[in-house]
Amino acid sequence: MSEATMEISLSVNGEQVARTVPVRQHLVDFLRTEMGLTGSHLGCEHGVCGACSVRVDGAVVRGCLMLAVQADGAEVVTVEGLTQTGEVADLQENFVNRNAMQCGYCTPGMLITASELLRDPKPVTRAEIRDHLSGNFCRCTGYHAIVDAVEMTLNKRLEEG
């Protein structure tokens, strides 16, 4: 018995893409295998760790909980897309400066999630930054440096106004 497939058309990092995909393929698997965009990782496959985070139609979603066919007609942005546009350049620089990325496995998901907080900069506390990032797990850093990097980026963006 052959696997059911479906034709999908979507925008990935600004590029219009059409593919035939298995109907049960997760979005993050599609991005990694079909598009070669390996920034988003498949960690827990239960939507708990945040390593698979991507933006779909402007909202951060778990790529392991969304099927590729559900993204038909959508605009998908990965960490590679955020990097290409420069949207997270200052955040990436602060991640390096604060040593907020050690093994790097969680970093793309952290950048995607933090970018959501930084898109419309407004003053927030460190506790609010932690709360915003709480769906993304990091086993290496203890989060302090990650919160530092996000806070530094936010403060600089607010200062530049």
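The numbers here are math on the coordinates, done by the rules we state, and not lab data. All values derive from a computational prediction rather than experimental measurement. Neighbour counts run over all protein chains shown; Cβ positions are idealised from the backbone, glycine included.
Which of the three applies to region 40-83, rounded, prolate or oblate, going by the alpha-carbon gyration tensor with a ≥ b ≥ c and a/c under 1.5 meaning rounded?
Cα axes put region 40-83 in the oblate bin.
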Let me check against my output: what whole-number percent is the relative contact order of the chain, with C-alpha pairs under 8 Å and at least 6 apart?
23 percent
Which cross-chain or sequence-distant (5 or more) residues have an amide H under 5 Å from the amide H of HIS26, H modelled 1.01 Å from N in plane?
ALA68
Quick one: 3J(HN,Hα) in Hz for region 145-153, Karplus 6.51/-1.76/1.60 with θ = phi - 60°, rounded, Gly and Pro as x.
5, 5, 4, 4, 5, 5, 4, 4, 5
Based on the mean of other beta carbon atoms within 10 Å per residue, what is the order of 51-64, 110-123, most packed first?
51-64, 110-123
Would you mind checking which residues have amide H under 5 Å from MET6's amide H? H placed 1.01 Å from N; only 5 or more apart, or other chain.
VAL21, VAL23
Where in region 110-146 is the amide nitrogen less than 19 Å from a point lying 7 Å along the Cα-to-Cβ axis of ALA59?
112-120, 132-136
Hypothetical label at VAL17: residues of region 62-98 whose amide nitrogen lies under 16 Å (7 Å Cα-Cβ projection)
62-85
Provide the gained length on full extension for the span THR83 to ARG157, in nm with one decimal, where the gain is 0.36 nm per separating residue minus the Cα-Cα distance.
24.9 nm
Label model pair THR38, GLU75: point-to-point distance (7 angstrom along the Cα→beta-carbon line) in nm is 2.9 nm
What order do you get for HIS46, HIS26 when you list them from fewest to most C-beta neighbours inside 10 Å?
HIS46, HIS26
Per residue convex hull volume, Cα only, region 1-132, in Å³ is 112 Å³
One finds the C-alpha centres of region 100-161 and region 1-45 to be spaced, in Å, by 27 Å
Rounded to the nearest 0.05, FRET efficiency between GLU93 and ARG139 (Cβ-Cβ, R0 30 Å) equals 0.80
What percent of all Cα-Cα pairs in region 5-82 falls into each 5 Å bin, going from 0 up to the bin containing the maximum distance?
3, 18, 32, 29, 15, 3
With a/c under 1.5 counting as rounded, go ahead and sort region 76-161 into rounded, prolate or oblate using the C-alpha gyration tensor (a ≥ b ≥ c being the square roots of the eigenvalues; past the cut-off, prolate if a/b is larger than b/c, else oblate).
rounded
Ordered by packing density, taken as the mean number of other Cβ atoms within 10 Å over each peptide's residues, highest first, how do 89-102, 11-24, 66-79, 127-140 rank?
66-79, 89-102, 127-140, 11-24
